[in-house]
Amino acid sequence: MKRLIIFSVLFAFLSVCIFSQPTEKVYSPDGKGYRYEQNGWIYIHIEGKPFERGFQHGYLIADQLEDIKRSLEYLTYWDSGMTWDFFVEKAAEMWSGHIDEELRQEMQGIAAGASYAGVSYTWEEIMAWNGYEELMDYWWPTELEETYGKIHPGADDHCSAFMAVGSPTDGGKIVMAHNSFNNFEWGQFANVILDIVPETGYRMFMQSQAGYIHSMSDFFVTGAKLMGTETTIGGFKVYDASGAPEFYRIRKAMQYTDTLDDFVGVMLEENNGGYANTWLVGDIKTGEIMRFELGLKFYKVDKTKDGYFTGFNAPLDPRIRNLECTNSGFADIRRHQGARQVRLEQLMQEHYSTIDVETGKEILADHYDVYLGKINPSSRTVDSHYELDAREYMSEIGRPLPYRPRGAVDGMVCDSEMAEGFTFWSRWGNSSGMPFDADAFLKEHTQWDYLDGYLQDRPSQAWTLFEAE
């Protein structure tokens, strides 16, 4: 195990300066949408009416959608004992009546574009894929508990983040940083930079996944001069199947709101508790930032024009933490939530008054373990590495298991000046540049053999500046 860590760190240092030029653009049949690749990312630009921009999307990303569908059909059954078709039917039953005509047409277009390119999808499958996290981590565990009496530990948690403005930052600009944690078999698909220019509403520029009408990893800037990110609320375990899915509400908030209060209002409308998050949103126009903790019955909004908010997967609101979550890990530094709560605060104070995009990159790549008091890439570090963690210090068995192929798969940073110009820095694979070799990992950890053929390598990549064109 030590050899694997040492090799990975050395490889990262040797590879940090590797930077590839973008590939030649590939256009959709109508000539409006296009795709190129760079440093592990797939950049997609789509525009126009709902169906046509959806068609552009599905056509341009059909190769990855094919791989995703293969994974959905195999891993869904493995993880739940129920087929992918079962979840597609349930998604259609729960959500179809909540989706408006515009976004229904966009998802229909994605399915049609993919099918035109030779990868068969229905729009209901696209809808279920957009809400996959909600289906598998919110609805299904609730259903299992109600139907089979199987107690579940609450939803998984996914990210590290911060947003700062005023005196903590260099020059007072809003600075936003985020990295995504996920099981690698799913997180490996979050390598899409998606630029959507809709016929109505505001332009959206975000990190996303193939086939998504939203971000899910949630790092976005909009034409309304809003910039946003989030971290999930760990251990969250209440859900209202009669409400509107989170992916639909956040897409509407991105496309049609231009103030922090309006953003909150759209997210609260028909809130079902799905994909419960601590949202960090900044308004470039006013220089104000917001922390918006959204549970099911409870929510809390804090705003400032001079300060910072951090995201570490545990809610501050006592109502959400105690009444809607189970074992959130809030103050337990053996757990990733408690450890990162402490470490992110240390880092924000250490860099106070000088926080900028370069500092953001450094913070996201941090490997200091506050529980052990040393550099130790593990589940507890800001740049998370469950795949290297024996989990000797677990306080909740199975969240997750030792050496789970899981952790940070990216890094995203920008400031308000960049966001206003639809520009941000992105690093694919890992925030620190530490590579992941799927074959080497599976050879060493044979308990995860069922993922053979469903895990992709993520070599060390350079930070890349993307700008909407």
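With protein chains left intact and a 1.4 Å probe, residues in the chain average 36 Å² of accessible area per residue. Charged neighbours of Ala92, selected by a Cβ distance under 12 Å, balance to -3 (K, R count +1; D, E count -1).
So, in Å, what gap is there between the alpha-carbon centers of segment 306-374 and segment 103-146? Answer, in whole Å: 32. Between Thr147 and Ala440, full extension at 0.36 nm per residue minus the direct alpha carbon distance yields a gain of 101.5 nm.
Highest average first, the peptides 35-45, 169-179 ordered by how many other beta carbon atoms sit within 10 Å of their residues are 169-179, 35-45. With the simple spin-label model, which puts each label point 7 Å out from Cα in the Cβ direction, the Asp240 to Lys49 separation comes to 3.6 nm.
Each part reduced to its alpha carbon centroid, segment 422-464 and segment 158-200 end up 19 Å apart.
Before anything else, pin down the relative contact order of the chain: Cα pairs under 8 Å, at least 6 apart, normalised by residue count, whole percent. Working shown, then result.
Values: 1084 pairs, mean separation 76.3, N = 469.
Reported relative contact order: 16 percent.
Computed from the Kirkwood radius of its Cα pairs, the Stokes-Einstein diffusion coefficient for the chain at 20 °C and 1.002 mPa s stands at 97 µm²/s.
Of the cross-linked pairs Lys69/Lys150; Lys90/Lys237; Lys252/Lys285; Lys90/Lys150, those separated by over 22 Å at the C-alpha level are Lys69/Lys150.
The values are calculated or read from the model by the stated rules, or taken from the named source; none is laboratory data. None of the values given here were measured: they were computed from a predicted structure. Cβ atoms come from the backbone with ideal geometry, glycine included; neighbour counts cover every protein chain shown. The area values use the complete protein model at the heavy-atom level, side chains included, leaving out ligands, DNA and RNA. Shrake-Rupley method; radii C 1.70, N 1.55, O 1.52, S 1.80 Å.
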